[in-house]
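The values are calculated or read from the model by the stated rules, or taken from the named source; none is laboratory data. Note that the coordinates shown come from a computational prediction; the quantities given were computed from them, not determined experimentally. Every residue, glycine as well, gets a Cβ built from its backbone with ideal geometry; the counts of neighbours run over all protein chains shown.
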Amino acid sequence: EGLAHAEVVAGALARSLNVHLKIETGTSRQGVFVDDVEDLLNDLRRMQHVSLSGVSTHFANIEDSGNPQYATMQFGKFQEAIGRIHDYGFTPEFIHCACSAAIIIYPDTHGTLVRSGISTYGIWSSDLVASTVRDRHLKCDLEPVLSWKTRVAQVKSYPVGTPISYGLTEVLKKRSRVAVLPVGYSDGYDRRLSSVGEVIIKGYRCKVLGRVCMNMMMVDVSDVPDLQKEDEVMLLGKEGRHVVSAEFLAIKAGTIPYELLARINPTLPRIVV
């Protein structure tokens with residue numbers, strides 16, 4: 001159906017359309033089964049405006065380098081599909097299935113194109129991949145390049161016993177200085193980091209106090225000297241000897257680094273350094 005629609009649209013526009021064919025090899029998601037490839041290729045042969053320029057698949061557990069059998073099975077199916085496509089006379093330029101983990105530890109999967117995802121930001125796709133690199137003495141030293149910053153909006157002092165944020169879920173155990181930050185879950189700062197997340201301000205690690213709000217959050221800055229409004233805050237990244245990594249925040253939130261990074265609101269300004 002998708003190919004037929006592409007043919008109609010391309011014909012109406014009087015132009016040719018290059019498409020990539022995804023093969024379902026074991027993720028149980030998008031793609032056509034290997035045994036259905038020939039039928040689809042027969043359809044492509046009859047089309048005047050659609051050309052096959054790429055073939056891909058997607059691994060289900062390639063990050064589990066301690067159990068490569070399933071990924072090996074998937075790659076075998078993908079190679080079988082590529083063989084059938086070539087047998088039908090098609091020679092797509094782009095053959096791709098390698099994500100970050102496969103790029104690093106399975107070079108045989110590289111094809112003619114790779115899809116670097118989370119490793120583009122210098123973040124390991126899993127602890128297993130990182131340990132495999134170390135164990136095999138592979139040459140790969142990822143360095144995080146993504147940081148997320150904000151600035152202090154307000155600083156206040158509160159007495160012991162003061163509840164902080166919605167639900168009164170956290171009560172100050174001592175007199176404290178509290179900074180309000182203009183960031184919340186609408187910006188992508190995970191609400192599960194309420195009372196457990198940390199930020200870096202002027203070289204000091206500061207704990208998130210109470211619930212993360214929609215567009216604000218509070219942190220304990222009692223130990224930060226001479227803190228002023230508009231001082232810089234590191235939500236994610238490195239400052240001096242302190243690091244708040246995506247892996248650290250993911251553990252605190254009970255999720256994976258992928259989710260935390262994907263949650264960062266696309267409307268926030270990006271600065272390429």
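Out of all the residues in the range 16-50, which are in a strand (DSSP E or B) and either within 11 Å of residue 3 (Cβ to Cβ) or of a type in the set (D, E, K, R) (or both)?
17, 19, 21, 22, 24, 32, 50
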Worksheet item: Taking the range 12-28, which residues are touching a strand residue (DSSP E or B) at 6+ places or on another chain (Cβ under 9 Å) and without any contact (Cβ under 8 Å) to a residue 40 or more places away in the chain?
Response: 16, 17, 18, 19, 22, 24
Worksheet, complete the sentence: Of the residues in the range 143-165, those that are loosely packed, with under 14 Cβ neighbours inside 10 Å and aliphatic (A, V, I, L, M) number 2
Practice prompt. Answer with yes or no whether residue 191 is over 24 Å from residue 255 (Cβ atoms), surrounded by fewer than 17 Cβ atoms within 10 Å (Cβ to Cβ) and in contact with a Phe, Trp or Tyr (Cβ under 9 Å, 6 or more places away or on another chain).
Written response: no
Discussion item. So if I check each of 66, 89, 83, 76, which one is over 13 Å from residue 26 (Cα atoms) and in a helix (DSSP H, G or I)?
Written reply: 83
Item to complete: Find all pairs meeting these conditions: Cβ atoms under 6 angstrom apart; at least six residues apart or on different chains; first residue within the range 165-177 and part of a loop (DSSP other than H, G, I, E, B); second residue of a type in the set (Lys, Arg) and surrounded by 13 or more Cβ atoms within 10 Å (Cβ to Cβ).
Response: 165/211; 169/211
Worksheet entry | Filtered residue count, the range 224-239, keeping only those that are more than 18 Å from residue 208 (Cβ to Cβ) and exposed (fewer than 14 other Cβ atoms within 10 Å of the Cβ) | 5
Discussion item. Of the conditions (1) of a type in the set (S, T, N, Q); (2) surrounded by fewer than 16 Cβ atoms within 10 Å (Cβ to Cβ); (3) at pLDDT 95 or above, residue 67 satisfies every one except a single condition; which number is it?
Written reply: (3)
Worksheet item: For residue 57, are the conditions met, namely being surrounded by fewer than 19 Cβ atoms within 10 Å (Cβ to Cβ), modelled with pLDDT of 95 or more and within 14 Å of residue 99 (Cβ to Cβ)?
Response: no
Worksheet entry | Matching residues in the range 166-188 - criterion: being aliphatic (A, V, I, L, M) and exposed (fewer than 15 other Cβ atoms within 10 Å of the Cβ) | 168, 171
Worksheet entry | Whichever residue in the range 102-126 is over 30 Å from residue 41 (Cβ atoms), part of a helix (DSSP H, G or I) and touching a residue at least 24 places away in the same chain (Cβ under 8 Å) and, among such residues, is nearest to the chain's Cα centre (by Cα) | 118
Discussion item. If I filter the range 29-40 for residues that are assigned by TED's automatic domain parsing to the domain that holds residue 127, in contact with a strand residue (DSSP E or B) (Cβ under 6 Å, 6 or more places away or on another chain) and either crowded, with 19+ Cβ neighbours inside 10 Å or under 23 Å from residue 106 (Cα atoms) (or both), do I get at least one hit?
Written reply: yes
Worksheet item: Do we find that residue 191 is in contact with a His (Cβ under 8 Å, 6 or more places away or on another chain) and at pLDDT 95 or above in this structure?
Response: no
